[in-house]
Each structure stands twice: as structure tokens, then as C-alpha cells.
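Single-structure report; data block below.
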Amino acid sequence: MQSRAIRRCIQIVVCALLLAPSAAVFGGARFLVTAGVMAQAATPAAVADYRRKLRAYQEARAAFEEEAGVYWNAIADKRRVRNAKRRNHEPVTLDDYVLTQPPLYDGPGRPVNPEPEEEHPPRQRKYIPVVADLLKAAAEQFRFVPQRPRTEADFKRAYARVARSCGLTKEQAVRVYSFETGGNGNHDMQSGLSASRPGSRAISTAIGYNQLLTTNSVELLAEQGHDILRALGEKASRLSGSQRAAMERKIAVVKRMVVYTRSVPDTWSAHEKLADTPKGWAIHSLVLDIDVGPLLQAHKLLTSIIFARSKGYMRPLTAAELEMMNLTGDGTGLDMVTMPQALRERVPTSNFFQRRGYERNPVAIRNNTVAKLLAVTDVRMDSNSAKPGARELAAAF
């Protein structure tokens with residue numbers, strides 16, 4: 001009886017389509033296929049099978065979430081213990097890490113409902129500003145236009161001069177650049193965007209040789225603004241005429257930006273909120289400026305070196321170790337850097353991530369110990385250092 005009703009419904013639709021204009025036929029044909037498939041799929045048996053599979057999925061997922069919750073709570077607890085030990089200058093041992101790998105869901109997937117479900121509008125993605133937005137904000141908020149380099153080689157030479165003066169080695173600067181940009185990045189390269197991939201879109205605000213986020217630019221200006229202004233002042237003193245006047249105007253703008261970055265508490269969360277404003281976007285435009293951009297890029301790495309020294313770690317950081325601090329944050333990165341090799345071989349990378357970040361990081365999942373993660377970082381640096389952009393930066397030193 002049910003199959004006859006379905007066939008009769010289809011016959012009626014076919015007759016209607018035969019009498020309809022051609023444009024409507026194609027649209028109606030799609031409806032016919034959809035209606036026919038849905039009608040056949042949404043049988044009582046199909047619905048019962050779906051509900052059975054849904055219960056199995058929900059049970060499996062609930063069991064996994066319980067197991068994962070216990071694991072990631074243990075990760076957080078161990079991290080608090082390590083932080084407390086470091087504050088008290090106590091040694092951190094193997095027992096202060098979770099030594100098992102995190103659970104990964106391998107149960108059944110969520111089944112497809114054969115019955116029509118209420119449609120929900122797609123979630124709106126948060127807009128990520130690109131270079132054009134930063135330039136517009138700089139002009140509107142501070143009447144500032146970053147001085148772009150004539151060539152990429154000019155920016156590389158400026159960055160190399162600043163890096164050397166900060167105490168960064170050629171190996172550190174070039175290999176971190178190679179890792180962050182793939183060995184061919186420009187000073188205005190933004191994460192996710194590529195000229196070789198038409199239609200690509202930004203996936204973050206990270207820009208430049210060391211891929212600084214808007215929050216990095218705000219934080220660096222708030223914390224290192226005095227050093228940056230001093231370097232700009234020294235450069236101005238060597239100039240004359242219109243060039244000196246232009247530099248003094250730039251310094252005046254940077255001073256106003258520094259004041260703004262210090263209008264909030266010196267915390268990452270406060271800087272993050274400030275960075276997500278038109279004035280924050282304007283500040284991030286400094287990474288494009290040939291005078292200020294190299295200072296910001298170099299200071300991003302320098303702050304990690306200074307942090308390590310302030311914690312008593314005086315050995316020179318390898319490029320891979322410096323990248324761990326650049327990538328994960330100074331505190332978390334130093335946790336890996338100060339670990340003896342024997343511990344690196346045993347401690348899972350999950351100890352240094354939040355759950356959400358780890359589960360979205362296939363590199364950390366595949367290279368699931370500290371030793372493996374550092375090794376794959378070195379391998380990628382080795383490969384990318386042979387590319388033209390990395391060779392050009394190396395030559396600038």
C-alpha cells in the first residue's frame with residue numbers, strides 16, 4: 001500500500017512536470033529525486049534503524065567524553081603542579097607529567113537522519129582582518145601609512161640588521177623564518193592566504209617572518225615599546241632633512257600607539273580584546289613598516305630568549321627550541337626546552353596543549369612526544385631553509 005502511494009505521488013509530479021515550462025522541469029526534477037529518495041528512506045524501518053544507531057553513537061560518545069574529561073583534567077592538574085614547583089624552585093620530574101597518550105574517539109559516527117530536520121542558518125565566521133583592513137585602520141585611527149619596502153630583499157636586510165643587534169643568531173632567525181613561512185614568505189605574508197591558491201582566505205591575523213598575531217603586536221608594543229622607540233630615535237639621529245622629519249612623525253605615531261596599548265592591564269587576555277578593535281588593527285599594521293616591522297619580528301623571538309634567561313636557562317636555544325616558545329608561548333615552550341632528552345622521549349606532547357588545540361593539531365598528534373615534535377620541527381626547518389626566500393634571508397646576514 002505504501003509503495004503504491006509513493007508511485008502514485010511520483011506519477012502526479014511527473015504529469016505536472018510534463019505540463020511545466022522547461023526551466024521548471026529541471027527544478028522540479030531535482031525535487032522529484034529528493035522527494036522520491038526521502039519518501040523511500042523515511043520508512044518506519046529506516047527511522048527505527050536510525051534511532052538505534054543514534055543511541056549507539058550517543059552512548060559511545062558519552063563514554064569517550066567521560067574518559068577524555070578525566071585525561072584532560074589530569075593534564076591541567078599536572079600543569080598546575082609543575083608551575084608551582086617552578087615558582088618554588090623545586091625540580092620537575094617525570095612524575096609531574098601525564099605519560100599516557102590522550103584518548104581519541106574511534107566509535108561509530110553520527111548517523112544521518114532519514115527524516116527532514118529543521119534547518120539552522122550556518123554559523124557566521126568571525127571576520128579576520130587582512131592587510132587592506134590594517135592599512136585602512138591605520139589611516140583612520142592614527143593618520144598613519146606604513147612605509148613599505150621597495151623590495152622584499154630590503155625588508156630582509158633590515159630584519160637581519162635588527163636581529164643581529166638583538167643578539168639573534170643567523171641560524172635562529174633563518175630557521176624560524178623557514179618554519180613559519182615555508183621558506184618563501186614575504187614581510188606581508190598572512191596565514192592562510194597564498195597567491196598560488198586563488199580564493200584562499202586568511203585563517204588568522206598572523207603576518208610576517210615570525211607570523212605575529214594582532215595580539216602579539218599589541219603586547220610587544222606595550223612591553224617593548226621603550227626599546228622600539230629608542231631604536232627609532234637612534235635611527236632618526238642619523239638622518240637629516242625630509243627623511244628625519246618623516247621618521248620623527250613616525251615616532252610620534254608609535255608613541256601614541258604605545259600609550260594606547262598600555263591603557264589596559266599587561267595581560268594576554270586584555271591585549272587580545274584591545275587587538276580586536278580598529279585601533280588594534282592599526283597597531284598591527286606596524287609589522288608592514290620597514291622601520292618598525294623588523295623590530296617587532298625580532299623582539300618576538302628576543303622576548304623568548306630573555307624569558308628563558310630570566311628563568312635561569314642560559315644555554316643558547318636551538319632554532320627548534322626557540323620555535324616551540326614562539327609557537328606555544330614562552331612558559332609552555334620553556335617547559336619543553338628545559339626537559340632532559342630522556343624525558344623528551346617519554347613525555348607526550350599533549351601535556352603542553354589545551355584539549356581543543358591538541359585535537360585540532362595533527363602535527364602534535366602524529367608526533368606525540370616532545371622528542372618527536374622537536375625532531376619534525378628540525379626536519380621541516382632543514383627542508384625549508386633550502387628555499388629561495390630562506391637563502392635570501394641568510395645572505396642578508
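The values are calculated or read from the model by the stated rules, or taken from the named source; none is laboratory data. All of these numbers come straight from a predicted model, not from anything done at the bench. Cβ placement follows ideal geometry from the backbone for every residue including glycine, while neighbour counts extend to all protein chains displayed. For the accessible areas, the whole protein counts, side chains as well, though only heavy atoms, and no ligand, DNA or RNA atoms are used. Shrake-Rupley method; radii C 1.70, N 1.55, O 1.52, S 1.80 Å.
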| Ellipticity estimate at 222 nm from DSSP helix runs (n ≥ 4, -39,500 (n - 2.57)) divided over the chain, nearest 500 | -20500 deg cm²/dmol
| field | For PRO103, net neighbour charge (Lys/Arg +1, Asp/Glu -1) across residues whose Cβ lies under 14 Å away | value | -3
| said: Can you tell me which aspartates and glutamates have their Cα less than 16 Å from the Cα of LYS372? Leave out same-chain residues fewer than eight positions away. | reply: GLU321, GLU323, ASP335, GLU345, ASP382
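Would you please put 164-171, 46-53, 137-144, 289-296 in order of how densely packed they are, using the mean number of other Cβ atoms within 10 angstrom per residue and starting with the highest?
The most tightly packed comes first, giving 289-296, 137-144, 164-171, 46-53.
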| said: Just to verify a number: FRET efficiency for ASP227 and GLU171, C-beta to C-beta distance, R0 = 25 Å, to 0.05? | reply: 0.60
| What residues qualify as long-range amide H neighbours of THR369, i.e. H under 5 Å apart, gap of 5 or more or another chain, H built at 1.01 Å from N? | THR349
| request: Would you mind calculating the relative contact order of segment 272-384 from Cα pairs under 8 angstrom and at least 6 residues apart, reporting the percent as a whole number? | output: 17
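Given charges of +1 on the Cβ of Lys and Arg and -1 on the Cβ of Asp and Glu, with all other atoms neutral, how large is the dipole of the chain about its Cα centre, in debye to the nearest 20?
Magnitude of the dipole: close to 580 debye.
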| query | How much of the accessible area of the chain, in percent, comes from carbon and sulfur atoms when a 1.4 Å probe is used? | reply | 56
| request: Kyte-Doolittle cut-off -1.0, length cut-off 20 Å along the helix's own axis using Cα: show which whole DSSP H helices in the chain pass. | output: 2-18, 22-41, 152-166, 214-237, 241-261, 293-310, 370-384
| Based on the alpha-carbon gyration tensor of segment 219-336 and its eigenvalue square roots a ≥ b ≥ c, which shape applies: rounded if a/c is under 1.5, prolate if not and a/b is larger than b/c, or oblate? | oblate
| message | If you take every residue apart from GLU152 with its C-beta less than 14 Å away from the C-beta of GLU152, what net charge results, scoring Lys and Arg +1 and Asp and Glu -1? | response | +3
| Taking the Cα-to-Cβ direction at ALA132 and at GLN58 and moving 7 Å from each Cα, how far apart do the two end points lie in nm? | 4.7
| GNM, the chain, Cα, under 10 Å: largest mean-square fluctuation among TYR57, TYR209, TYR358? | TYR57
| Suppose R0 equals 45 Å; then what is the FRET efficiency for GLU115 and ASP77 from their Cβ-Cβ distance, rounded to the nearest 0.05? | 0.55
| Volume per residue that the Cα convex hull of the chain spans, once the total is divided by residue count, Å³ | 202
| Once you list every other residue whose beta carbon is under 15 Å from the beta carbon of ALA48, what net charge do they have if Lys and Arg are +1 and Asp and Glu are -1? | +2
| Segments 183-195, 216-228 sorted - mean Cβ within 10 Å per residue, highest first | 216-228, 183-195
| task | Scan around LEU212 for amide H atoms under 5 Å from its own, H built in the peptide plane at 1.01 Å from N, and keep only partners 5 or more places away or cross-chain. | result | ILE207
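Pairs of alpha-carbon atoms within less than 8 angstrom and 6+ residues apart define the contacts here; what relative contact order does the chain have, in percent? Don't skip to the end; give the middle numbers.
Details: 447 pairs, mean separation 80.5, N = 397.
About 20 percent, as a whole number.
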| said: Test of understanding: what is the full-extension gain from GLU65 to ASN368, defined as 0.36 nm times their sequence separation minus their Cα-Cα distance? | reply: 107.0 nm
